[in-house]
Every structure is written in structure tokens, then in C-alpha cells.
1. Which of rounded, prolate or oblate describes region A:77-119 when judged by the alpha-carbon gyration tensor and an a/c cut-off of 1.5?
2. Can you show me the helix-derived [θ] at 222 nm for the protein assembly as shown, built from DSSP H runs with n ≥ 4 at -39,500 (n - 2.57) apiece and divided by the number of residues, rounded to the nearest 500.
3. List the chymotrypsin sites (Phe, Trp or Tyr not before Pro) within region A:90-167 that fall in a DSSP loop (any state other than H, G, I, E or B) and whose Cβ has at most 13 other Cβ atoms within 10 Å.
4. So what's the angle, to the nearest 10 degrees on a 0 to 90 scale, between helix A:172-182 and the longest Cα principal axis of chain A?
5. Using a 1.4 angstrom probe on the protein heavy atoms only, could you order A:MET75, B:MET47 from most to least accessible area?
6. Where in region B:1-101 are there trypsin sites (Lys or Arg not before Pro) that are in a DSSP coil and have at most 14 other Cβ atoms within 10 angstrom of their Cβ?
7. If one takes the longest principal axis of the Cα atoms in chain B, at what angle in degrees, from 0 to 90 and to the nearest 10, does the Cα axis of helix B:169-184 lie?
8. Report the paramagnetic label zone for A:VAL144: residues of region A:253-273 whose backbone N is under 14 Å from a point 7 Å from Cα along the Cα-to-Cβ axis.
Amino acid sequence: MEQFFQQLFNGLAVGGIYALVALGYTMVYGVLKLINFAHGDLFTIGSYLGLTMLVSWNLSGLLPPFLGMLVVFVMVSLFVALIGWALERAAYRPLRNASRLSAVVSALGASIFFENAIMLVYGARVYVYPDFLRPDFVLNIFGVAIPAMRIIVITVTVALMFGLWGFIQRTKMGAAIRAVALDQGAARLMGINVDRVISLVFLIGPALGGAAGLLIGVYYGQIDFTMGWNYGLKAFTAAILGGIGNIPGAMLGGFLLGVTEAFAAAYIAVAWKDAVAFLALILILIIRPTGILGERTADKL
Amino acid sequence: MALLTISGLRVSYGGVEALRGIDLRVDEGEIVSILGANGAGKSTALMAISGLTRPSAGEIIFDGKSLLKIRSHDVVSLGVAQSPEGRRVFGTMSVLENLCLGAFRIQDRNHIETTLEWIFDLFPRLRERKKQLAGTLSGGEQQMLAIGRALMARPRLLLLDEPSLGLAPLLVKSIFTTIRAINEQGVAILLVEQNARAALKLASRGYVLEVGKVALEDTAANLLANPSVREAYLGG
Ligand SMILES: Nc1ncnc2c1ncn2[C@@H]1O[C@H](COP(=O)(O)OP(=O)(O)OP(=O)(O)O)[C@@H](O)[C@H]1O
Ligand SMILES: [Mg+2]
């Protein structure tokens, strides 16, 4: 039972991070019907930028720990948001009326560009996040000792998701994003500036992705320039699992994937966790081709 | 006085010309009807006015300003709103959310509230169902929503693309009554209709489009009496 709860919280923490990244895929897909293959690299940039701010700029040392972390968190999100905004301007907007394939090629090109840029700046070696960032105390939850770090990651990811959900559901710009995702032409008839909505989505998605990159760095302590591929693929899987284009679907898919993986690693074997996760994806897609919460048919993908 | 003037308008999709130079006018406060067979170019004309398709030649002047120089999402703030063919309501959003999106460019909350009340008076069904998702409404209710949503922008010119399509006869009648009521509030209406008889009874003038050209233009009374119109569009 102890191990069950340990793994459940571990899975929820990693799943929350998957979910944050998955939201970027799903929101961009919602408005552009495009898979932003460079999104995983924005996540990587988030973790490298976080490292630079924490170690080289020593932000965590100059400020009180909590405030320092908060500042780094906000700055990483802002930076990555700006990179995402520029990515849409440079790689996707010029191809808005071109064929779907051109946009996909452009996305793959952007991904290769980012990966190489990170390697040029930081080199190919693995980096380690400073240890002191990780609170080492454990919380006692229902008699089970859970590392505080897990609870912090779960809390932060859930808070960000609630914030996003409130924005999308309760504000005028949120309604505009939903309208553009449903019917771009009708949205324009309402007077919605579709270009501006798309730019906004390319700020929000990458901001969440960058934040997730920072969280992974702090949580696992190790980062490298290819990790965007691995986490990007997982998050993309989570988005498909929940139903691509569907925001609650991406959240659910992320948590589900994280927990499945954690249990597979604990009860089967660590080597099997990816295989089990993808097996779960295939099974769900066989039962529900549109993903758990998706309405769109798979042929639109 | 002319509110909308279209001259020499040409629109192509790929290499195919859907509009081959049309002239059309809507005066302040007027109801004008566009008739024509499937594929004649009626929807294309409305979409060109709203800026969603760009013409290859010609001019569209609304209230003295060229709409061709204006970005599509700004057309509505000048005073031109459209209820498009097929309704295109936002299915997973509530009736109220759909209506509020219609007023996307209006900042004044009081103004929005007043307009909302006006629309609920025009379409009491929408008031009853304001929390319901648009996609779960009946066809007739969705049509009311599409018209109400366009009216939320407080347009001076309302473009209606086949508002009676697929509705039961009783509902058709009530939709046409409402269109008249909207017009009596001073809103000019450009009405595309398959139901030519009802449209011409409502309109003061009409245009008949045939494969991208204006084949006939006259007062509604004359069109109703015209033998070739009767044969082609009014069922003899
Ligand atoms: N997006 C498009 N791409 C290519 N061709 C189009 C497009 N939209 C319309 N057309 C073509 O342009 C012509 C005019 O179409 P339009 O929809 O304007 O006709 P309509 O008079 O509204 O017809 P209906 O009564 O069926 O609504 C048709 O031949 C149609 O096939
Ligand atoms: Mg049409």
C-alpha cells in the first residue's frame, strides 16, 4: 500500500508536467490544426533557461528562496512565451495558406533548429540542477511519507491548469480562443482578430511548456538537450489520449499517462514503463479513436 | 441614400470565377433580396462583403468607405453583420456565449445588456435556452441564434444567407415576420433566399443571380409578376 501511494504521487507529479506540455500541443492544434513539433524543444529551453537563471545569475541566492524561485518561474515562462510567439511569426504565419505538409515540415525544421541552438549554447553534456533547490522534507499524508517536492509539483501544475481553465472559460479572450478553434470564419464574422488569437495561443502554450521544463529540472535534477524529444512525445501522447484540441482532455491525458507509467515502472519493470504507456494509448484509441474527451474524428488529425 | 454599393465585383476560387462582375445596391433601411439557383454566387457575394473572400476586381463601398481596404474582422465594427449560410453557431458554447461573441467588438456593457434584451424579445426561445449549448438546439433555434448573434453587433446592414433553409413551414413564417420586425428598427437587410416568394414579399427590390452575373434587377413587385422569374424561382 505504501508503494502504491508513493507511485501514485510520483505519477501525478510527472503527469502534471506532461499535462502542462500537452496543453501547448492541444491549444495550438485547436486553433491551427497543426502539431507544433517544436513545442518539446520550447520545454527544453525552459529547463535550460531556468538553470542559467538559478546557477549563473544566482537568482536563487540573491533573493529569499521562495521569492527567487517565483521570479525564476515567471521569467522562464515569459521568455519561452516570447520564443513561442516569434516561432509562430517566423515559421507558421507565412505558411498559413500553404499546404498542411509545408507547415509540418516547417515545424520539424524549427524543432531541429532549436535543438541545435541549445546544443551550441550549452554544449551536449548533461546538466545538473543545484540540489539545494529541492526541499528534502517529507510530508505525512494518510500515514504515507511523501516527498514535499512531489506535492509542490502537483500543486503548481494543478494551479496553472485551474488558472488556464478560468481564463479560457470566463474571459472574453478565452471565448475568442474557443471560437477560433471551432470555426475561424465565423469567428472573423464576430469581429475577432484571428491572427491575434493565434499569437495569444503561442504565448500561453509555450509559457506553460517553459514552466514545465523548469519543473522537470527541479524535480529530476538532470537535463540534456534531447529531452524535449522524449517529454514532447509523452506530452503529445497525453494530448492524443485525452482528445487532441480538447483542453481538459490534455490535463486528464497527462495525469493518466504519468500515473500509468509510474505504476508500470513499480509493478512491472522500469524498462517497461514506456511500452506500457504506449500500449495504454493504443488500447484507448482502439476503444475511442477520438481520445477520451475528444469529439473530433481521427481523420481530421 | 445608398448604404452599400457594389460595382464590377469579381471573385474567383482557384481558376473558377464565382462572381463575374456584379453591381448591387442597398439603400438605408431597405430590404433587398438576392435570388438565384444553387452555385449562382449568392453566398460568395455576402462573404465578399464581410471580407472573408477577397475579390479579384471591383469595389464594395459601405457608408462611403471601401470595405476592400478593411480587415475582415473590422468590417463588423463598421456596421455590417452576417448570419452565414448553415448558421455556423459555436456548437460547444452556450446560447448566451454565442450572443456575447456577436458583440465582441462592443465595449459598453450596458449597451450589450440592452441589445441582449432586444434579442430575447425578438426570439423568446433564446431567452428560455440561454444556458443551453448551441449545438443541442433545433435547426430553427440555431437559425434564431445565428440571426440574434449577428444583431448583437448592432449592425446598420444585416446580411442573411438562407435563413429559412431546412425549417418547418410554420417556423419559416415566424422567421420572416421577425426579419420584418428587425427591419422596422431601421436595420437594412440583404436577404439571400431559396424561398423566393416569401423573400420578395418582404423586400422592396431584388436581384436575380445566374452563374455569377446579375441576370435581372427590379422592384420586388415586378419580379413577383415577371413570367420568367415565376417559372424559374416561384414554381410557375
Ligand atoms: N470555397 C470555395 N472553393 C471553391 N469553389 C467555391 C467555394 N465556395 C463556392 N465555390 C463555388 O463558387 C460558386 C458559387 O458558390 P456560392 O456558394 O456563392 O453559391 P450560392 O449561390 O450561395 O449557392 P447555394 O444556393 O448552393 O448556397 C459555386 O460554383 C461553388 O461551387
Ligand atoms: Mg449559398
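The values are calculated or read from the model by the stated rules, or taken from the named source; none is laboratory data. Just so you know, these numbers come straight off a predicted model, no measurement behind them. Cβ coordinates were reconstructed from backbone atoms using ideal geometry, including for glycine residues, and neighbour counts include every protein chain displayed. With ligands, DNA and RNA removed, areas are computed over all heavy atoms of the protein, side chains included. Shrake-Rupley method; radii C 1.70, N 1.55, O 1.52, S 1.80 Å.
1. oblate
2. Numbers: 22 runs with 305 residues, N = 537.
Only helices count here, giving -18500 deg cm²/dmol.
3. Passing both the DSSP loop test and the Cβ count: A:PHE137, A:PHE142.
4. For A:172-182 against chain A, the angle is about 70 degrees.
5. Accessible-area ranking of A:MET75, B:MET47, largest first: A:MET75, B:MET47.
6. Listed in order of number, the matching sites are B:ARG71.
7. That works out to roughly 90 degrees.
8. Once the point is set 7 Å along Cα→Cβ of A:VAL144, A:259-260, A:262-264, A:266-267 turn out to lie under 14 Å by backbone N, inside region A:253-273.
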